Amino acid sequence: MDPLLHPEDRELEAELRRAGRDVTLSPAAQERLLAALGVAAGVTVAGEAAASTSFVSKLLASKSMLTAASMVSVGAIGAGVYFTRSAEPPSDRPPVSRPAETVHAATPTGAAAATDREAPSDAAVATERDATASADSTVEKGPALQPRTGSRKPAADVNAAFRDELALVESLSRAVKAGNGSLALAHSAEYKRKFPRGKLGLEAQVLHIEALALAGNRSEASRLAQGFLKRYPDSPIAARIRRFAH
Amino acid sequence: MVSEHGTFVARTLRNLGVPARELDDCVQRVYIVADRRLNDIRPGCERAFLFRSAAHIAAHARRSLARKREVLEEDPHPLRAPPFQPDELTQRKQFRELLDSVLNSMSDELRNVFILHTFEELTMAEIAELLELPPGTVASRLRRARGMFRDRIEALKAGATQESA
C-alpha cells in the first residue's frame, strides 16, 4: 500500500486509514436489514427492531412503498404473525433513541460508536458491545422488545431459535450458490425437519426449488415453482423462481 | 448479499458522507433497491451494483441533509484539538471527523476511486471493472485524489499550527 502522507505523518495516516475501515455491519443490524427486506418478517423481535428505525416505519406506512410492504406481508403470511408496529404512525426519531438499536457501525469491540457524533459515547459503546456480543441480552434490556403476551415464548428464545434457523438457511443458500445440489437438498431436508413452521419458510422454499433444479430434478422444481407463483404471484422472492416454472 | 457485502455497503456509505446516525437506514435503502432489481443484477456483479446504489443513496442523503440544514456544525480544523486526548474514543471520533472533512472536499468521482483503493484495498484494475471506467481514468483520478488528500491534510496542519501560535 503506497503511503498517502509524508513520513512524519505516518501515524496520522494509519489512524485515518483505520477510521475509514472501522465500520462494520453488526449482526444486529443485519437482522434488522433482513427483517426490513421481509426475510425475517415473521420474527417478532427482529421485526420490531427493524420497524423501530424511522425509515422502516415510514416504509410500512407509505402507500408508495407497496412492493416492500408486500414482502413483509408475505413473510408474515408464512409465519402466521405480523409486524405489530406497522400500524403505528411513522416516527421521525432517529434510531439512536432506542439504546438496543444504536448499532449503526459496530466493530467487534464496539469502539466505532465513538465515531458517531450523536452517540453518547459510553452508553452507546456499552450497548453496542452488548448488542454485538449477545442479541439475547439486548432483547432483555430493551423494554419495547419484550413479548407482549404471556403466551408467547420469551424474546430471547425466539431470537436464539431464529439465529439457528437463519444459519441453516444461509448454509442452504451457500450450497445453492456453490452449485452443490445434493448438499443443498440435504440442508433443505434438515430445515424442513427442524423448522416445519419456520419463519424463513418462503426463503427456504425458493432455495429448495433451486436445489431441485441443480440436482437435475427439473420437473419437480417446475411443479413447486408453479405452485409458489400461484400462491404468491407478486412476491419479490417469486422473481427468483419464475425461470423454473416451465 | 447481506452477509457477504453488508459491511462493504455500510463502510462505503459512511465514507461517501452518510452520517453515522443515517447509516442504518441508508443500508436498508441500498438493499431494498437491490431486492427490487434482483433480476437486473448480473451474477458476479453484485458488489458493483451495490456500490453504485450506495453512491446514489449517499448523494441523496447528503443533499437531504443540506436542504434540511440538519448538518451539525463541523469543526473546520479538527487538528486544532490536542493530538492526544486521554480518552481513546474521543480521539477516534476526532480522526473520523478529520477524515470526513478531507473526503468532503473531494468531488464524487475522485472520492469514489479513493475510498475503493484506500479503504476497500481494491486494485486499480478492480476499481476500473467495478466502476466501468478505463484503467487510465482510474489511475488519473486516484493520483489526483491522493494529491488532494495530502494537500488538504497539509492545509489543516498549517491552519492548526497558525492558530496555536
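Each value in this text was obtained by applying a stated rule to the coordinates, not by laboratory testing. All of these numbers come straight from a predicted model, not from anything done at the bench. As a convention, Cβ positions derive from the backbone with ideal geometry for all residues, glycine included, and neighbour counts pool all protein chains shown.
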(request) Mind putting a number on the dipole of the stretch A:194-246 about its Cα centre? Charges go on the C-beta only, +1 for Lys and Arg and -1 for Asp and Glu, and I need it in Debye to the nearest 20. (result) 100
(request) Report, as an integer, the average count of C-beta atoms from other chains found within 10 Å of each Cβ along B:99-107. (result) 2
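Computed FRET efficiency, Cβ-Cβ of B:HIS60 and B:ASN39, R0 25 Å: what is it to the nearest 0.05?
Working: r = 23 Å, r/R0 = 0.94.
Efficiency at R0 = 25 Å is approximately 0.60.
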(request) Indicate the gyration tensor shape class of the stretch B:1-72 (rounded, prolate or oblate), computed on the Cα atoms with a ≥ b ≥ c the square roots of the eigenvalues: a/c under 1.5 is rounded; otherwise a/b larger than b/c is prolate and the rest oblate. (result) prolate
(message) Just checking the output field for B:38-50: average partner chain Cβ neighbours within 10 Å of each residue's Cβ?
(response) 1
(request) Shielding by partners for B:137-150, please: the mean number of other protein chain Cβ atoms within 10 Å of each residue's Cβ. (result) 1
(request) Assuming R0 = 35 Å, can you tell me the calculated FRET efficiency for the pair B:SER3 and B:THR137, based on Cβ-Cβ distance, to the nearest 0.05? (result) 0.60
